[in-house]
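The values are calculated or read from the model by the stated rules, or taken from the named source; none is laboratory data. Note that this is a predicted model, so its numbers are computed, not measured. Glycine gets a Cβ as well: all are built from the backbone with ideal geometry, and neighbour counts include every protein chain shown. Heavy atoms of the whole protein, side chains included, go into the accessibility calculation; ligands, DNA and RNA do not. Shrake-Rupley method; radii C 1.70, N 1.55, O 1.52, S 1.80 Å.
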Amino acid sequence: MSAPKKPGVTRYPKLFSPLQLGPKTLKNRIIQPGHSLRLGEPDGTVGDRLRAYITARAQGGAALVCMESAPVHRNSHNYEHQLVIYDDRIVPGLAATADAVHRADALLSLILWHGGHNVSHLDGQAAVAPSPIPSPSTGETPVALTVKGIREIVQAHVDAAVRCWKAGLDAVEVQTATDYLYGAFLSPTLNWRTDAYGGSLENRVRIVAETLEAIRDATKGEIAVGLRTSATHAITTDPNDYGLTDSLAAMQWLDGRGLTDWVSVINGSHWSFPELIAPMSRPRAEHADLARAFTDVLTVPVIVSGRIRTAAEAEHIVASGAADIVGMARTLIADPDWPNKVAAGDESRIRPCLSCNQGCLAFAVQHLAGTCIVNPAAGRESDLGPIDPAPTPKRIAVIGGGPAGMEAARVAALRGHRVTLYEAVDHLGGAMRLAADSPYRGEMAAALDWWAGELAVLGVTVKTGSTVDPTVPPHADAVIWAIGAVPAMTKVWQRRPHLRDGIPGTAGLPMGRDVMTGAAPASGSVLVIDEEGGWPTVSLLDHLVEDPAVGAVTVVTPGEDVCGVALDHTLERAEVLARFRNSTVRVLRDSMVAGVENGSVDLTDGSRLGPYATIILATGTASRGYPADALAAGDCIAPRGIWAATNDAHRLARTL
């Protein structure tokens, strides 16, 4: 007699049904598509860090885990820690990873990649492309490949695939998405060639077809071979952009000749990077309709990725025929056990991805190992290991109910401690609750709800509306202070450290965070003195725009805009600036306020603005004081951000 189905398997039958992928079988329709968190070793091999990260996702129930886009040729290698699939040195680490993934009953794949014109010459060689069209990311003009060069690149793909095959990988995916090398060959916009590799559809797909044919021959049909492609390149400034019709024609041509076992659909290019890694303001599962266009005409399975977060969304995509497989990169970064939790009926315990891009993408673009603000163990699995029970259960008091306090309480409770959390106000969330209550940032509330739910499940006693005197801490074996920060003038000192007391005339003016909580009113014409930038200022402005009591809003900022580098890292700058251009917000860039008097402000260039009905300060935060030498986590140590808060707390609670 067969075992009864798990509740999630019954509820989501299509999602948990098997599927043939070339010579391999997926146990369900959930995969983690290729993505890079820069977890490879400095020499480009696979070590414990990347292997542990990949293995955790396999153990979590994904049918297939794809490692990342790895350069097939030295002239595509453009950063440290990138996997050197062009070198035999990669094979032992790949093999060990494949073994670990197979022991977890999952399949392993890797993307064969050439960056084309997006690889800078500063990495050692001039970039190559089908035609000399500069990269939108580097601005550099590439060398147009010769036919000999094309054959070298094709062979490099084949050699890389053979290394994967010898290492025991189950699949390889040839990267034809975006304006990477093969994607550029497919595009009549980016491929101006007049030889056998340009012009007609057959010519433009030739390099991909030759690559697929040679890989299949070299690997004897023993591994699955597929394609990743962009539905469109979304080059908004080009009326002849590579579009859906072009992409469908290319994939149909290759499918019709039996060259691919699947097509994985994404969207966008380096001209439109937010299409590739959508921030939280974008629609959920937004590429499903694009994928359906491929599903309708192809004979092989179609994979779709892009802000698929819930099991209901995933089941609908598969059941409705939009795609055959759902790709979840960031979803499984946040919670590697997502598939197992869904299958077991434990959806409420899934740690949610917020699509904030603050830990995964933002770290990677700063040349740091990627992680996750709600799962600080992501990418650190080999360092941290499992959360083990404490040898002796203790009574733990946590002061503060923001992300740091909740994560500390959660991990301490998982270790078997008896935990009481104290929060001064009547709700949990801290500064993150303020962000979640802002327009366009509501998805952040999902993480707060998850933490609160976990504390309840784990038996943590939560006392809201409970202020703790630092001189009289609760009686406990250990006390963790996670009391955050308060609005202050700290960011003024970044440029003008001589203004110890702040900008003259600003004493008593409302702080932006107080306006957002409702503790300080704002009405009429408003001036914001911005010295902070980034999400605190952006969220304040969004709040003011939606407040019917507020009229026109003027912002004085020392930067080129109010976004700061943080929104570049998360791919949100362009969207935010467009939003403000269509609002009542006026931004005075490269400006600073020298002083405030009678509702008007004097700028450092000698000009005067005003008067205004309300003047608001967006000038940063300062840490709240806590007892000397006490255990602490988060912004009360130093104002930093959500990842620092959760990482501090997670690591500290593991030591108790």
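Just to check I understand the Karplus step: with θ = phi - 60° and J = 6.51 cos²θ - 1.76 cosθ + 1.60, what whole-Hz values come out for the stretch 423-430, glycine and proline as x?
10, 5, 8, 8, 8, 8, x, x
Computing the accessible area with a 1.4 Å probe over protein heavy atoms, can you report the carbon and sulfur percentage for the chain? Present the calculation step by step, with values, prior to reporting the outcome.
Working: 13130 of 25150 Å².
Answer for the chain is 52 percent, counting heavy atoms of protein chains only.
Tell me, what is the per residue accessible area of the stretch 399-463 in Å², probe radius 1.4 Å?
On the way: 2190 Å² over 65 residues.
Dividing the accessible area of the stretch 399-463 by its residue count gives 34 Å².
Counting pairs of alpha carbon atoms under 8 Å apart in space and at least six apart in sequence, what relative contact order in percent does the stretch 101-211 give?
28
What FRET efficiency would be calculated for the residue pair Asp48, Asp88, taking the C-beta separation as r and a Förster radius of 25 Å, to the nearest 0.05? Spell out each step's value before the answer.
Numbers: r = 20 Å, r/R0 = 0.81.
FRET efficiency, Asp48 to Asp88: 0.80.
Would you compute, from DSSP H runs of 4+ residues alone, the mean residue ellipticity of the chain at 222 nm, taking -39500 (n - 2.57) per run and dividing by the full residue count, rounded to the nearest 500?
On the way: 24 runs with 213 residues, N = 656.
Computed ellipticity for the chain at 222 nm equals -9000 deg cm²/dmol.
How much accessible surface area, in Å² rounded to 10, belongs to the heavy atoms of Glu213 with a 1.4 Å probe?
My reading of the accessible area for Glu213 is about 90 Å².
Kyte-Doolittle cut-off 0.0, length cut-off 20 Å along the helix's own axis using Cα: show which whole DSSP H helices in the chain pass. Working shown, then result.
Values: long enough: 147-166 (29 Å, 0.09).
Counting only whole DSSP H runs, the qualifying helices are 147-166.
Ranked by accessible surface with a 1.4 Å probe, highest first, in what order do Arg441, Arg349 come? Show your work: numbers first, answer last.
Working: Arg441 5, Arg349 75 Å².
Sorted descending by solvent-accessible area, the residues read Arg349, Arg441.
So what's the gap between the Cα centers of the stretch 308-365 and the stretch 604-656, to the nearest angstrom?
31
Cα centroid distance between the stretch 66-82 and the stretch 395-414, in Å?
Measuring centre to centre over Cα atoms gives 40 Å.
Residue by residue through the stretch 341-355, what is 3J(HN,Hα) from phi via Karplus (6.51 cos²θ - 1.76 cosθ + 1.60, θ = phi - 60°)? Round to whole Hz and write x for glycine and proline.
Taking θ as phi minus 60°, the curve returns 5, 5, 4, 7, x, 9, 4, 5, 9, 6, 6, x, 7, 9, 6 Hz for the stretch 341-355.
In the full protein assembly as shown, how much of His73 is accessible to a 1.4 Å probe, in Å² to the nearest 10?
30
Given H placed on each backbone N at 1.01 Å, which residues far from Val462 in sequence or on other chains put an amide H within less than 5 Å of it?
Correct list: Leu421.
Could you give each residue of the stretch 373-386 its phi-based ³J(HN,Hα) in whole Hz, using Karplus coefficients 6.51, -1.76, 1.60 with θ = phi - 60°, and x for Gly or Pro?
These are the phi-based 3J(HN,Hα) values: 6, 9, 9, x, 7, 4, x, 10, 4, 6, 6, 8, x, x Hz.
Could you sort Met328, Met516 by accessible area so the largest value comes first, with the probe set to 1.4 Å?
Working: Met328 0, Met516 35 Å².
If we order Met328, Met516 from most to least accessible, we get Met516, Met328.
How large is the accessible surface per residue of the stretch 482-524, computed with a 1.4 Å probe and reported in Å² as a whole number?
Values: 2340 Å² over 43 residues.
Heavy-atom SASA per residue in the stretch 482-524 reads 55 Å².
Ordered by packing density, taken as the mean number of other Cβ atoms within 10 Å over each peptide's residues, highest first, how do 10-18, 643-651, 554-562 rank? Working shown, then result.
On the way: 10-18: 17.4, 643-651: 24.1, 554-562: 20.7.
Packing proxy ranking, top to bottom: 643-651, 554-562, 10-18.
How large is the translational diffusion coefficient of the stretch 210-345 in µm² per second when you combine the Kirkwood radius over alpha carbon pairs with Stokes-Einstein at 10 °C and 1.306 mPa s? Can you show the working numbers first?
On the way: Rh = 16.0 Å.
Once the numbers are plugged in, D ends up at 99 µm²/s.
Where in the stretch 307-347 does the amide nitrogen come within less than 19 Å of the point 7 Å from the Cα of Thr299, taken along Cα to Cβ?
What the label zone holds, given the 19 Å backbone N cut-off, is 324.
Give, in nm to one decimal, the length gained when the segment between Ala144 and Glu222 is fully stretched (0.36 nm per residue of separation minus the Cα-Cα distance).
Working: separation 78, 0.36 × 78 = 28.08 nm, distance 3.42 nm.
Additional length available on full extension: 24.7 nm.
Using per-residue counts of other Cβ atoms within 10 Å, averaged over each peptide, order 527-537, 137-147 from highest down. Working shown, then result.
On the way: 527-537: 24.6, 137-147: 15.5.
Output ranking for 527-537, 137-147: 527-537, 137-147.
In whole Å, how far is the Cα centre of the stretch 454-501 from that of the stretch 135-192?
51
Name the long-range amide H neighbours of Thr554: under 5 Å, sequence gap of 5 or more, or other chain; modelled H, no Pro or chain starts.
It is Val526, Leu527, Val528, Arg586, by chain and number.
Hey, what D do you get for the chain in µm²/s if you plug the Kirkwood alpha-carbon radius into Stokes-Einstein at 4 °C and 1.567 mPa s? The partial results should precede the final answer.
Working: Rh = 26.6 Å.
Here the translational diffusion coefficient equals 49 µm²/s.
Can you pull the accessible area of Asp238 for me, 1.4 Å probe, Å² to the nearest 10?
Accessible area, nearest 10 Å²: 50 Å².
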